[in-house]
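Worksheet for the structure shown next.
The values are calculated or read from the model by the stated rules, or taken from the named source; none is laboratory data. Remember, it's a predicted structure, so these values are computed and weren't measured experimentally. Here the Cβ is made from the backbone with ideal geometry for all residues, glycine too, and neighbour counts use every protein chain on show. In case anyone asks, the SASA skips ligands and DNA or RNA and just uses the protein heavy atoms, side chains included. Shrake-Rupley method; radii C 1.70, N 1.55, O 1.52, S 1.80 Å.
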Amino acid sequence: MSQLSEADRSPKMQSEIKAPVLYIANLIQSTGASLLWPITTLYMHNELGESMTNAGIVLMAMSLLMMLGSWLGGRLFDRWNPYLSMVFAVSISLLDLIALTFFHDWPIFAILLSLLGFTDGIIYALLNAFAASIKSTDLRRVFNMQYLFLNVGVVVGTAGVGFIFNHGIAFVFAAASLMYIGFLYMVIRYFKIEGLQRRANLTAHTKRLKLHWPRLVYALLGLVFAIYMGYVLWETVVASHMVAMGLSTEQYSFLWTLNGLIIIAGGILLDRVIVKIPFKVSVLGGSFLFAISFIGLIFAHSYWDFIFAFVILTIGEMFVSPQVPAWIDRISSPEARGQAQGLITMFISLGRALGPVYGGLMIDHGSYNILFASIFVIITAFIGLAWLLSKPKLN
């Protein structure tokens, strides 16, 4: 333990990535990734002629492989080489996207897309671990700004993909490849941090640590799972629900534009005050707002009702998504920083994988209202558990 501390304190050795570099890398990566997810199901169903069931299976496989990648990425950060791990993962993702540019028929499309889920899972875990290694700035601000730049990328990517897709799917993958080329350049140029490498080397050569995670970590992971199981419903069954009520796809799409704008504006405002808000308030309070939005869906009968519910959800998301990684890092062992962040992205992927299945089962054997009420109950149950397990000194 003392050796690791000395490595961190070494004045001649860079021990953390520069925050602006991390933010820009997140922006580039999320822009490239966001060019893909809005059109994946559309392309498989409308262009390749595959059933919605097959499309759902591919997306689930992608999410499950992303979970595996997240687990691996966390371990690579802690016990191997953070820099080379990122270079390899981004390089494989780039090669995958280049291959998809030229080969996007069935079933090669499904295979390459699933591989992309695996390598992107590694990337997300590593990006969060690099962020958690920053100690010169309060982690609440670091993750808030990282989340802000990520959402700027989402807005740019989803806004541009419609125009690009009109020229053919190959152009979408080519555009994503260009973004990942820029991302790879950033990684090669700026992500080689000697202090992090030394820490990983020392950890790898020590006796395997028996990690004892605080019970609060498990409660927060359950909360993350429930949040994203609910969140993915807005991307799937809520869209169908709104169209069935006579609303247009354009009206539904506007909700996501509004989501991005609120997060960007709100993130800038939060950057100045987030360090003054205890984790217990920001994460659990934000989660409760998120849960309340599903009660709003039960009573939504007009477009403005859906807008109101989505705004509440977005405000809750702004507090939860960037602050859970910071809180878990606060209560986890420094020697397992990568593994802790990998667990978070794993449970996010698990929620996104099971959400559509759970939603479909609840609707088939119940109703939309029962589904929305059940999500509220599940989220609030994890909020209560985390509240009970949290200690004042860790908030």
Tally the residues that are modelled with pLDDT under 85 and open to solvent by 10 Å² or more (accessible area, probe 1.4 Å), restricting the search to region 1-38. 18
One residue is enough: does region 111-119 have a residue meeting the conditions within 24 Å of I169 (Cα to Cα) and polar (S, T, N, Q)? yes
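Evaluate the following for D329: is it touching a helix residue (DSSP H, G or I) at 6+ places or on another chain (Cβ under 8 Å), among the acidic types (D, E), on the phi < 0 side of the Ramachandran plot and open to solvent by less than 20 Å² (accessible area, probe 1.4 Å)? I'd like the intermediate steps shown before the answer.
Details: touching a helix residue (DSSP H, G or I) at 6+ places or on another chain (Cβ under 8 Å): yes; among the acidic types (D, E): yes; on the phi < 0 side of the Ramachandran plot: yes; open to solvent by less than 20 Å² (accessible area, probe 1.4 Å): yes.
The answer is yes for D329.
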Restricted to region 218-243, and to residues that are at pLDDT below 90 and out of contact with any Phe, Trp or Tyr (no Cβ under 9 Å at 6 or more places or on another chain), which residue is farthest from I379 (Cα to Cα)? S240
Taking the residues in region 145-173 that are surrounded by 19 or more Cβ atoms within 10 Å (Cβ to Cβ) and among the small types (G, A, S) as candidates, determine which candidate is modelled with the highest pLDDT. G153
For I188, state whether it is part of a helix (DSSP H, G or I), modelled with pLDDT of 90 or more and surrounded by fewer than 16 Cβ atoms within 10 Å (Cβ to Cβ). yes
Report, by residue number, each residue of region 92-111 that is assigned to a helix (DSSP H, G or I), open to solvent by 20 Å² or more (accessible area, probe 1.4 Å) and over 24 Å from M186 (Cα atoms). F102, I108, I111
Would you check if I312 is open to solvent by 40 Å² or more (accessible area, probe 1.4 Å) and free of Cβ contacts under 8 Å to residues at least 24 places away in the same chain? no
Search region 133-144 for residues being charged (D, E, K, R) and part of a helix (DSSP H, G or I), and hand back the single one that is surrounded by the most Cβ atoms within 10 Å (Cβ to Cβ). R140
Give me the pairs, please: first residue somewhere in region 278-302 and basic (K, R), second residue anywhere and at pLDDT below 95, beta-carbon distance under 6 Å, and either six or more positions apart or on two chains. K280/S390; K280/N395
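This table checks each residue for (1) under 12 Å from D120 (Cβ atoms); (2) open to solvent by less than 10 Å² (accessible area, probe 1.4 Å).
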residue: L42; (1), (2): no, no
residue: E47; (1), (2): no, no
residue: E50; (1), (2): no, no
residue: A61; (1), (2): no, no
residue: M67; (1), (2): yes, no
residue: G73; (1), (2): yes, yes
residue: W80; (1), (2): no, no
residue: V87; (1), (2): no, no
residue: V90; (1), (2): yes, yes
Just one of L343, L350, L385 is part of a helix (DSSP H, G or I) and open to solvent by 50 Å² or more (accessible area, probe 1.4 Å); which is it? L385
Give me the pairs, please: first residue somewhere in region 40-51 and closer than 20 Å to S63 by Cβ and at pLDDT 80 or above, second residue anywhere and open to solvent by 30 Å² or more (accessible area, probe 1.4 Å) and of a type in the set (S, T, N, Q), beta-carbon distance under 8 Å, and either six or more positions apart or on two chains. M44/N54
Considering only region 282-314, state which residues are of a type outside the set (G, A, S) and within 21 Å of the chain's Cα centre (by Cα). V283, L284, F288, L289, F290, F294, F310, V311, I312, L313, T314
Scanning region 221-262 residue by residue, the ones that are surrounded by 18 or more Cβ atoms within 10 Å (Cβ to Cβ) and either on the phi > 0 side of the Ramachandran plot or acidic (D, E) (or both) total 0
Here are the criteria: (1) within 28 Å of F143 (Cβ to Cβ); (2) open to solvent by less than 40 Å² (accessible area, probe 1.4 Å). Tell me which single one Y124 does not satisfy. (2)
